[in-house]
Amino acid sequence: MISKQLTVVGGGLVGAAIAYGAASRGLSVRVLDQGDTAFRASRGNFGLVWLSSKGGGMPEYARWTRDAVGQWGGFHQELLDRTGVDSGLIQKGGFWLGFSQEEVQKRANLLAKIDREAGGIPFRMMEASEIRQYLPDIGPKVVGGSWGAQDGMANPLFLLRALHSGLKKAGADIISGIDVAAIEHDAAKGRFTARSRDGQGWTSDRIVIAAGLGVGELASQVGIHAPTVTTRGQVLITERLKPFMDYPTNKARQTAEGSVQIGSTTEDVGLDDGTTVEKIEWLARRAVDTFPALANARLVRAWGALRPLTPDGYPIYQESGTCPGAFAVVCHSGVTLAAIHANVIGPWMGGLTDAPPDVAPFNGKRFLDKNARFVGDH
């Protein structure tokens with residue numbers, strides 16, 4: 001075991017993947033998890049491992065996502081071999097489906113732009129008649145769409161379980177029910193103390209702040225500018241149905257258990273993680289327009305969850321310039337990027353590797369240089 005110790009504040013998909021990446025390579029790791037009281041983003045994640053359309057406003061992010069998606073197969077197998085927990089990865093391609101020629105053409109233009117600027121992100125546009133060869137149950141309102149060969153899906157809750165199981169097998173200490181309120185830096189000793197609201201403290205050589213909606217406030221205490229905003233996603237789930245959807249789509253996907261997950265919304269509602277009749281109806285109608293057979297399916301659950309993202313929608317991966325050894329992470333795509341968080345970000349933030357050049361564009365200082373804003377699909 002390596003003698004240095006890393007504390008990760010946040011035990012959700014992002015924090016757990018980073019912690020796993022460090023712990024599985026021999027670092028002593030502690031995870032401080034808020035537990036069931038947290039606004040757990042994995043509860044509202046649609047579960048897509050998705051490359052198509054990512055990075056329309058930032059080619060660096062398109063390439064980052066391309067590399068992450070390419071690592072998912074090996075990552076899934078590693079977790080399965082180590083923990084016996086199946087993350088639910090099915091990665092044999094996915095479809096974006098459109099209801100008008102105008103939106104289909106807009107999609108084609110976006111994907112062509114991303115592939116041209118980032119490279120290595122092929123796609124294929126299809127008319128409805130061709131899509132029916134893969135998804136025979138789509139409805140007449142679907143006029144066309146795009147096919148991404150690298151796209152797929154996973155189960156966010158099983159992924160989180162696999163990561164926590166992997167952490168325990170690697171000897172990491174997971175402490176739940178901890179609401180971290182402060183990060184203290186002892187510059188003379190080069191040590192950090194995470195302090196909970198009830199006064200408990202945990203000291204380590206390095207610290208990663210991956211606390212979702214709480215990142216901004218904690219990161220500012222170690223000199224990192226990491227503005228964080230919220231988006232609410234409402235999701236629906238049906239009863240278990242006979243398999244009819246062999247590929248995930250942007251509007252619905254059928255799980256390995258047979259239920260169909262329908263989602264999701266993107267709403268700016270602050271810290272309200274509830275549901276609304278208006279959005280549930282919108283999701284249901286859109287799903288039925290896509291797959292008319294769903295009109296006869298029973299909905300068994302609807303829920304909302306809050307997801308953190310930055311003002312421009314792209315991640316922050318940053319080390320403090322004033323408190324070396326302190327890092328902050330804000331990320332909206334915890335499932336899609338899980339493999340690269342474990343394989344690249346975890347070892348770097350744990351001090352096992354140098355900073356990868358790919359993360360340079362994701363410094364939070366970009367929000368001090370310009371009035372960044374949300375610019376598209378991330």
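The values are calculated or read from the model by the stated rules, or taken from the named source; none is laboratory data. The structure displayed is predicted, hence computed values, not measured ones. Here the Cβ is made from the backbone with ideal geometry for all residues, glycine too, and neighbour counts use every protein chain on show. We work out accessible area using only protein heavy atoms, side chains counted, and drop any ligands, DNA or RNA first. Shrake-Rupley method; radii C 1.70, N 1.55, O 1.52, S 1.80 Å.
If Asp198 meets every condition in (1) open to solvent by 60 Å² or more (accessible area, probe 1.4 Å); (2) modelled with pLDDT of 95 or more; (3) farther than 30 Å from Gly73 by Cβ apart from one, which number is that one?
Status for Asp198: all satisfied but (2).
So in segment 1-54, with the set limited to residues that are part of a helix (DSSP H, G or I) and modelled with pLDDT under 85, which one is nearest to Ala194 (Cα to Cα)?
Gly35
Just one of (1) modelled with pLDDT of 95 or more; (2) more than 21 Å from Ile90 (Cβ to Cβ); (3) open to solvent by 60 Å² or more (accessible area, probe 1.4 Å) trips up Ser204, so point out which.
(3)
Could you check how many residues of segment 275-330 are free of Cβ contacts under 8 Å to residues at least 40 places away in the same chain and open to solvent by less than 50 Å² (accessible area, probe 1.4 Å)?
Result for segment 275-330: 1.
Inside segment 341-359, can you point out the residues that are touching a residue at least 24 places away in the same chain (Cβ under 8 Å) and either outside the structural domain of Arg66 (by TED's automatic domain parsing) or surrounded by fewer than 24 Cβ atoms within 10 Å (Cβ to Cβ) (or both)?
Across segment 341-359, the qualifying residues are Asn343, Val344, Pro347, Gly351, Leu352, Ala355, Asp358, Val359.
Which number in (1) surrounded by fewer than 16 Cβ atoms within 10 Å (Cβ to Cβ); (2) at positive phi; (3) touching a Phe, Trp or Tyr at 6+ places or on another chain (Cβ under 9 Å) marks the one condition that Gly190 misses?
Failing condition for Gly190: (3).
In segment 194-203, is there at least one residue being farther than 19 Å from Lys365 by Cα, within 25 Å of the chain's Cα centre (by Cα) and either assigned by TED's automatic domain parsing to the domain that holds Ala19 or among the small types (Gly, Ala, Ser) (or both)?
yes
Could you figure out which of (1) assigned to a helix (DSSP H, G or I); (2) more than 18 Å from the chain's Cα centre (by Cα) isn't true of His225?
With (1) assigned to a helix (DSSP H, G or I); (2) more than 18 Å from the chain's Cα centre (by Cα) applied to His225, the lone miss is (1).
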